[in-house]
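Reviewing the structure listed below.
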Amino acid sequence: MEFKQLQSFTAVVKYNSFTIAAEKLFISQPTISAHIRQLEDELNIRLISRTTKNIEITPKGREFYEYAVNILDLRDRMIEQCSSNTKKIIHLGASTIPSAYILPEILPEFGRHYPDTYFIIHQNDSHGIIESLLDGVFNVGLIGMPCEKESLTCIPFCQDHMIIITPVNEYFLKLQESAENPFHELLKSPIILREKGSGSKKSIDMFLEKMEIHEKDLHVTARINDQEAIKNLVAGGLGISIISERAARNFIKEKRLLCFELPEYIKHRNLYLAYRSDFIMKSHVQDFINFIQKHYQT
């Protein structure tokens, strides 16, 4: 198996075309076909189904594509890191809340102190970031849940404030004015939850467990990982949700959502810095880690 074969295959998947892949790689279409045929022969699987009009990536082909992309990315990073004249680049993975609300806050300030450091940022859920860190794809990850993998160092660097959000209507306005604990009453409403794999979902699971509430007893109307979509659906009346106060702040300020606080002992969760503890860390990556820790300590 050779890099050129992986490049040909990933290009065909990316552009869904042998012709365009050949143009992008500046090689002939028969060469592209030969590379993919060689991969299929070596792996003894079908990667691409061809017809006279279109192509279709097989399930095994989709799975192999993810591996191929990671292999090529690692090759590029190896060349980048080992080159004497390389720029200082940090490959950073960030889950939903850190990517949307933490990075915009800290990267401009970091850039003023370290103007020669650049970032390549990938957004995924916390589980996806952890898997990519283990695969060596990222230098650093910012995630919303702890990781107990021995090869990863996971350090809490700041706290996130979780709240319940609801539509603005007469029922929830009255409930907000109630002096009684509204949580069990709120959770009788239809609810929108995050998909498994996110740090927010893990925090919600812990909240429900401490309240002795089983998810199967909730009326779950949707599972979505996009915070903006969740806010819009709640504002539109589809249900309630439990999300980061950072994410809901603008909708609450505009009075498009109502906010209910969680009990003090469960309303905070940690956000974590994660990196491979068995890798030799570049000095500019260590600078970034130190900067984040110092920023939130102050």
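Results, tabulated for the structure shown:
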{"read-out": "Cα-based equivalent ellipsoid of the stretch 139-204: semi-axis lengths in Å, sorted from largest, via gyration tensor", "value": "34, 12, 10"}
{"read-out": "Selection from Asn54, Leu72, Pro115 lying farthest towards where the dipole of the stretch 26-117 points positive, charges on Cβ", "value": "Asn54"}
{"read-out": "Cross-link reach list, lysines versus Lys60, counting only Cα pairs under 29 Å and skipping chain neighbours closer than eight places", "value": "Lys4, Lys14, Lys24, Lys149, Lys196"}
{"read-out": "DSSP beta bridge pairing in the chain, given as percent antiparallel to the nearest 5", "value": "60"}
{"read-out": "Within a Gaussian network of the chain (alpha carbon springs, distance under 10 Å), most fluctuating of Ser277, Ser49, Ser200", "value": "Ser49"}
{"read-out": "Surface accessible to a 1.4 Å probe, per residue, for the residues of the stretch 109-156, Å²", "value": "51"}
{"read-out": "Relative contact order for the chain, counting Cα pairs under 8 Å that sit 6 or more residues apart, in percent", "value": "21"}
{"read-out": "Alpha carbon centroid spacing (whole Å) that separates the stretch 180-197 from the stretch 12-55", "value": "48"}
{"read-out": "Three semi-axes of the equivalent ellipsoid, the stretch 195-297, Cα gyration tensor, whole Å, largest first", "value": "32, 18, 14"}
{"read-out": "Rounded percent of accessible protein surface that carbon and sulfur make up, the chain, 1.4 Å probe", "value": "51"}
{"read-out": "Accessible area expressed per residue, the stretch 197-279, with surrounding protein chains retained (probe 1.4 Å, Å²)", "value": "50"}
{"read-out": "Debye, to nearest 20: dipole size of the chain, +1 on Lys, Arg Cβ, -1 on Asp, Glu Cβ", "value": "660"}
{"read-out": "Efficiency of FRET between Asn44 and Met78 - r from beta-carbon atoms, R0 22 angstrom, step 0.05", "value": "0.20"}
{"read-out": "DSSP beta bridge pairing in the stretch 45-170, given as percent antiparallel to the nearest 5", "value": "25"}
{"read-out": "Estimated 222 nm signal from helices in the chain, with DSSP H stretches of n ≥ 4 weighted -39500 (n - 2.57), rounded to 500", "value": "-14000 deg cm²/dmol"}
{"read-out": "Residue with peak Gaussian network fluctuation, the chain [Cα springs, cutoff 10 Å], from Leu186, Leu173, Leu92", "value": "Leu173"}
{"read-out": "Accessible surface, the stretch 1-107, averaged per residue in Å² (probe 1.4 Å)", "value": "58"}
{"read-out": "Gaussian network model of the chain, Cα within-10 Å springs - most flexible of Leu134, Leu47, Leu142", "value": "Leu47"}
{"read-out": "Acute angle (nearest 10 degrees) that the helix 29-43 long axis makes with the longest principal axis of the chain, alpha-carbon atoms", "value": "70"}
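The values are calculated or read from the model by the stated rules, or taken from the named source; none is laboratory data. Please read these numbers as outputs of a predicted model, since none were measured by experiment. Positions of Cβ are backbone-derived with ideal geometry, glycine not excepted, and every protein chain shown enters the neighbour counts. The accessibility values were calculated without ligands, DNA or RNA, using every heavy atom of the protein model including side chains. Shrake-Rupley method; radii C 1.70, N 1.55, O 1.52, S 1.80 Å.
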